[in-house]
Amino acid sequence: MEKDQEFIDYVVKAIVNNPDDVKTERTIDERGVLITLDVNPSDMGYVIGRQGQTARAIRTLLKIVGAKNNARVNLKINEPEGGRGPKASSMDDVDTSAVDDLQI
């Protein structure tokens with residue numbers, strides 16, 4: 001396991017509630033190194049953070065680790081099966097019967 005993958009494992013396992021479910025996969029292509037991260041669906045919020053701040057911070061630190069080793073490193077966080085899905089419109093649940101008959 002390379003230093004960048006070890007770094008991701010260490011940081012993410014320290015953040016989540018289910019460290020045994022953390023899995024990383026490292027692939028190398030013409031664009032550099034790609035580390036793919038899988039976590040327990042209940043831990044996604046911890047890894048992503050509010051407005052993505054935690055994920056952005058992890059990616060920034062990972063780029064620094066990669067720069068020390070002369071490599072371009074990117075992180076992909078896999079969304080769990082049955083994840084977010086499409087957002088329901090908030091108008092679907094609104095009762096408009098009180099104003100439906102207005103003749104405006």
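The values are calculated or read from the model by the stated rules, or taken from the named source; none is laboratory data. Note that the structure is a prediction, hence the values are computed from the model and not measured. Neighbour counts run over all protein chains shown; Cβ positions are idealised from the backbone, glycine included.
Numerical summary
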item	result
Cβ pairs under 9 Å, 6+ apart, first in the range 64-77 and among the charged types (D, E, K, R), second assigned to a strand (DSSP E or B) and buried (at least 18 other Cβ atoms within 10 Å of the Cβ)	72/33; 76/35; 76/37
Residue match in the range 5-21 (condition: more than 21 Å from residue 72 (Cβ to Cβ), in contact with a strand residue (DSSP E or B) (Cβ under 9 Å, 6 or more places away or on another chain), modelled with pLDDT of 90 or more and part of a loop (DSSP other than H, G, I, E, B))	no
Residues of the range 17-44 satisfying the condition of being exposed (fewer than 12 other Cβ atoms within 10 Å of the Cβ) and more than 19 Å from residue 3 (Cα to Cα)	17, 20, 30
Those residues of the range 35-45 which are under 15 Å from residue 75 (Cβ atoms) and either part of a helix (DSSP H, G or I) or aliphatic (A, V, I, L, M) (or both), in sequence order	35, 37, 39, 44
Counted residues, the range 1-16 - those being farther than 18 Å from residue 81 by Cβ and either in contact with a Phe, Trp or Tyr (Cβ under 8 Å, 6 or more places away or on another chain) or surrounded by 14 or more Cβ atoms within 10 Å (Cβ to Cβ) (or both)	10
